[in-house]
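The values are calculated or read from the model by the stated rules, or taken from the named source; none is laboratory data. Here the structure is a predicted model, which means the values were calculated and not measured. Note that each Cβ is placed from the backbone with ideal geometry, even for glycine, and that neighbours are counted across all protein chains shown. For accessibility, only protein heavy atoms count, side chains too; no ligands or nucleic acids. Shrake-Rupley method; radii C 1.70, N 1.55, O 1.52, S 1.80 Å.
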Amino acid sequence: MRTPSRGPGDDVMVSKAERKPLDHATIEPKWQRLWQQHGTFRARDEGAGRKAYVLDMFPYPSGAGLHVGHPEGYTASDIWSRWLRMTGVNVLHPMGWDAFGLPAEQYAIQTGQHPAVTTTANIATFKRQIQALGFSYDWDREISTTDPEYVRWTQWLFLQIWKKGLVYEAEVPVNWCPALGTVLANEEVVDGKSERGNHPVIRKPMRQWMMKITAYAERLLNDLEGLDWTDSIKAQQRNWIGKSEGAEVEFALAQGGGSIRVFTTRPDTLFGATYMVLAPEHPLVKAITTDAQRAAVTAYVEQSSKKSDLDRTDLAKDKSGVFTGAFATNPATGKPIPVWIGDYILASYGTGAIMAVPGHDERDFAFATKYGLPIVEVVKPTSGATTLPGAAYCEYGVSVNSGEFSNLQSAECKQRVTAWLESKGIGKGTVNYKLRDWLFSRQRYWGEPFPLVRCATCGVQPVPDSQLPVLLPDVPDYRPTEHGDPPLARATEWVKTTCPKCGGAAQRDTNTMPNWAGSCWYYLRYIDPKNTSAPFDPKKVAYWLPVDLYIGGAEHAVLHLLYARFWHKVFFDLGLVSTKEPFRKLVNQGLILGEDNEKMSKSRGNVVNPDDVVREHGADSLRLYEMFMGPLEAAKPWNTRGIVGVRRFLERAWDVFQRDVTDAPAPEAERRLVHKTIQGVTKGIETLSQFNTSIAKMMELVNDLTSREVQHRETLETFAKLLSPFAPHLAEEAWELLGHAPCVASQSWPTFDPALVKDTEVEIAVQVLGKVKARIVLPADADEKAHEAAALADEKVQAAIAGKTVRKVIVVKGRNVNLVVG
RNA sequence: GCCAGAGUGGCGGAAUGGCAGACGCGGCGGAUUCAAAAUCCGUAGUCCCUUACGGGGCGUGGGGGUUCAAGUCCCCCCUCUGGCACCA
């Protein structure tokens with residue numbers, strides 16, 4: 001130990017023998033405790049200066065514990081938060097738990113252990129692991145979606161959405177997953193299998209709670225524009241919303257009255273519609289099928305109803321269908337055209353029926369070719385040859401064979417045909433979206449119960465606010481039932497209740513919410529986590545929103561991020577929040593791969609456990625390494641040697657901090673280096689991506705300082721501040737060693753002097769025809785003429801241009817001189 | 001197939017249109033050590049010429065182009081990653 005303790009002004013020397021090794025196991029917990037005790041990272045809910053809301057996607061606390069992927073984004077947001085605080089910004093940086101979900105429930109099914117018990121234990125583990133990394137979260141704002149107080153407000157918010165008429169019950173063909181015993185949202189089904197667990201999913205009609213996200217489709221699409229998100233995520237959301245403009249057209253049935261309504265994006269090809277196809281589930285199928293075709297149609301409908309979505313997709317190449325025996329009239333040509341059914345037509349998109357234009361649609365072309373249906377050309381290319389009759393011509397061009405609409409450009413033809421349909425009252429321009437309403441109920445145990453009761457006389461009634469939260473009952477068995485009744489139905493006493501309206505006997509709804517519900521608004525609860533009279537205080541929300549920076553994985557591109565935006569817009573309409581969008585800037589951290597460059601997984605045996613890394617090298621090393629690997633958003637492979645590299649840097653830095661200190665001003669060369677370091681480190685942070693370059697700059701500084709036995713106080717103090725967002729524990733320890741009271745985290749971020757980051761002398765490359773022939777040293781303030789003169793005076797340059805005429809000289813001051821000779 | 005992103009040493013990666021390869025890992029050489037580990041110092045893209053000292057060519061997935069100058073800008077192609085995929 002140093003005695004007496006050093007303070008500014010002292011000039012006490014410390015011999016090399018007294019330097020201590022870097023003992024991360026002691027200093028890291030020490031500062032974590034101190035930050036907590038001092039409330040160093042507490043956010044203020046008001047203030048005149050700048051504010052920043054820096055949010056991490058909160059984790060699902062799994063039994064497996066933290067993964068090295070978690071600290072990647074958390075470290076980046078922590079560096080950002082710590083840096084902002086040091087520049088005087090009031091920062092809200094919270095953490096919590098997305099704790100409802102399937103794994104805890106699957107575990108409960110296997111062991112009988114209540115999910116609440118496992119969840120509590122997992123949260124404790126996650127919290128210990130996250131706290132060991134020294135993140136500057138305001139832990140006073142910690143929340144868990146499973147907390148009864150949180151559930152209460154999730155249910156309350158759900159009821160606001162319900163009261164706004166955006167929740168309805170419908171008998172819909174749902175994605176039923178037999179293995180999970182629940183229905184899933186479209187977003188949760190990937191290639192016909194469940195996103196979680198990869199189990200097969202089949203179509204099954206069930207009565208379900210739906211949320212009208214489609215009512216917000218246009219706003220969800222348009223408001224993407226103003227967001228500072230990556231193109232990739234915006235594109236994914238746009239694709240998912242899937243807006244397409246076109247027209248709906250009525251085709252009258254040839255017999256018996258009635259009509260079939262179709263949606264098309266190409267009304268300009270109406271004259272080329274030579275047949276129609278309905279989805280097998282289309283309600284008109286039964287009515288229009290002729291006796292002669294009935295057997296074939298019934299068999300086909302039955303067959304396709306048994307197919308999973310995956311099976312249907314597999315048949316993409318081989319389209320199938322059956323003729324119904326019915327005919328409809330093409331309103332443009334007046335000709336009768338046959339009506340078929342085929343399972344390449346989706347019941348859930350558009351009207352579930354199409355007009356088939358085989359000349360100008362690949363799918364219709366394949367179908368028509370297979371079944372020998374007529375193909376008519378109604379669009380010709382503006383220039384060049386058509387692909388017909390060998391293949392459908394799907395591009396725009398000029399209309400032909402279209403009566404009064406012939407010889408028009410496709411775009412104009414569309415408008416004219418649509419106008420004509422409207423004037424005849426048999427069609428209109430429409431917009432369609434791929435986005436479907438959000439299937440919001442789950443037949444599972446571990447989720448928020450719906451705060452709704454069913455009364456035989458009053459219908460579905462909301463549970464009054466005073467009775468919230470509706471908490472989960474204990475059940476004897478968490479297993480889902482085969483027929484799709486939720487496990488909550490087993491709690492017969494809990495189900496029995498009274499109607500809030502008439503007081504008569506009523507039943508509780510036994511569905512639970514999907515676990516996206518809690519994550520749809522958690523960023524709002526952090527703002528006011530202890531409010532008992534409302535989910536959050538609108539004044540505080542107005543101060544903190546929007547989230548200025550949101551960091552998380554790209555896997556939530558269309559799930560959480562779309563749902564949360566939807567709820568936020570509803571809250572906006574309800575006057576609960578003041579911004580149209582919740583998350584202004586979004587950054588997706590890249591995947592951390594195993595050492596073998598493959599995705600980390602238990603089965604590959606390439607998983608790195610952060611606990612091991614922290615134990616062996618310390619949290620500062622882990623943080624630093626994760627940032628040093630490369631740009632935040634890139635996928636990067638783990639390398640055990642790499643962490644040794646950053647650990648060495650920290651040890652060297654620690655060694656330098658422990659050396660003798662003098663208050664004498666640092667020599668100019670050193671001051672220049674320090675100011676360049678400030679500039680470089682700051683620049684790296686500001687990119688919010690290339691933290692690796694900030695670290696490289698600090699490494700350069702340390703490499704330089706190591707050569708001096710006596711250090712300058714001003715240099716070390718600045719370095720401690722620069723280091724503190726990255727390796728906060730070591731930085732605090734160094735700050736204390738320099739004789740200061742805690743914390744370096746509360747110091748001001750150093751600024752650089754522009755005059756000091758410019759070198760006095762610069763090396764200039766002299767090129768001849770773009771090839772470097774010589775290097776010359778010039779004063780930094782040398783003008784163009786001086787550059788040119790010095791370049792031409794150089795021997796090597798003279799040799800290179802000997803016998804040639806210098807035609808042009810290009811001078812880039814302080815960089816290079818290029819001689820054009822010939 | 002469509003949409004988005006990315007291809008730079010042995011590896012991770014740097015580089016406002018202006019000296020490609022910062023920083024780190026690994027390698028090699030040396031110091032230290034009885035020895036090793038650790039640590040420290042030095043070294044290095046590649047090919048060719050030269051005994052050496054030196055010198056020259058080629059180099060950022062491939063091919064074109066713009067420019068005095070291209071990893072960076074434009075066009076075409078290839079490969080990889082992620083997403084969507086019968087959406088009429």
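General remarks:
- Portion, in percent, of the accessible area of chain A that falls on carbon or sulfur, probe 1.4 Å: 52 percent
- For chain A, the longest principal axis of the C-alpha atoms and the axis of helix A:69-86 are separated by about 60°.
- In degrees, nearest ten, helix A:784-793 long axis to first principal axis of chain A (Cα): 70 degrees
- The residues of chain A have, on average, 43 Å² of accessible surface per residue, using a 1.4 Å probe with all protein chains present.
- By the equivalent-ellipsoid construction on the alpha carbon gyration tensor, the stretch A:636-707 comes out with semi-axes of 24, 18, 8 Å, ordered largest to smallest.
- In loop segments of the stretch A:133-223 as defined by DSSP, there are no chymotrypsin sites (Phe, Trp or Tyr not before Pro) with at most 14 further C-beta atoms inside 10 Å of their C-beta.
- Listed residue pairs exceeding 20 Å between alpha carbons, taken from A:LYS20/A:LYS127; A:LYS243/A:LYS585; A:LYS163/A:LYS540; A:LYS234/A:LYS569: A:LYS20/A:LYS127; A:LYS243/A:LYS585; A:LYS163/A:LYS540
- Size descriptors for chain A (Cα atoms only): Rg and Dmax, in that order, 34.2, 108 Å.
- Solvent-accessible area of A:LYS697 with every protein chain in place, 1.4 Å probe, in Å² to the nearest 10: 80 Å²
- Under the combined filter of DSSP loop state and at most 15 neighbouring Cβ atoms within 10 Å, the stretch A:396-495 retains these GluC sites (Glu not before Pro): A:GLU482.
- Largest-first ordering by accessible area, 1.4 Å probe, given options A:TYR523, A:TYR543: A:TYR543, A:TYR523
- Between the Cα long axis of helix A:713-723 and the first principal axis of chain A there is an angle of about 10°, rounded to the nearest 10.
- Phi-based couplings in Hz for the stretch A:463-478 (Karplus 6.51, -1.76, 1.60; Gly and Pro marked x): 6, x, 3, 5, 9, 7, x, 8, 8, 5, x, 7, 10, x, 8, 7
- Rounded to two decimals, the Cα radius of gyration of the stretch A:761-821 over 2.2 N^0.38 Å is 0.98.
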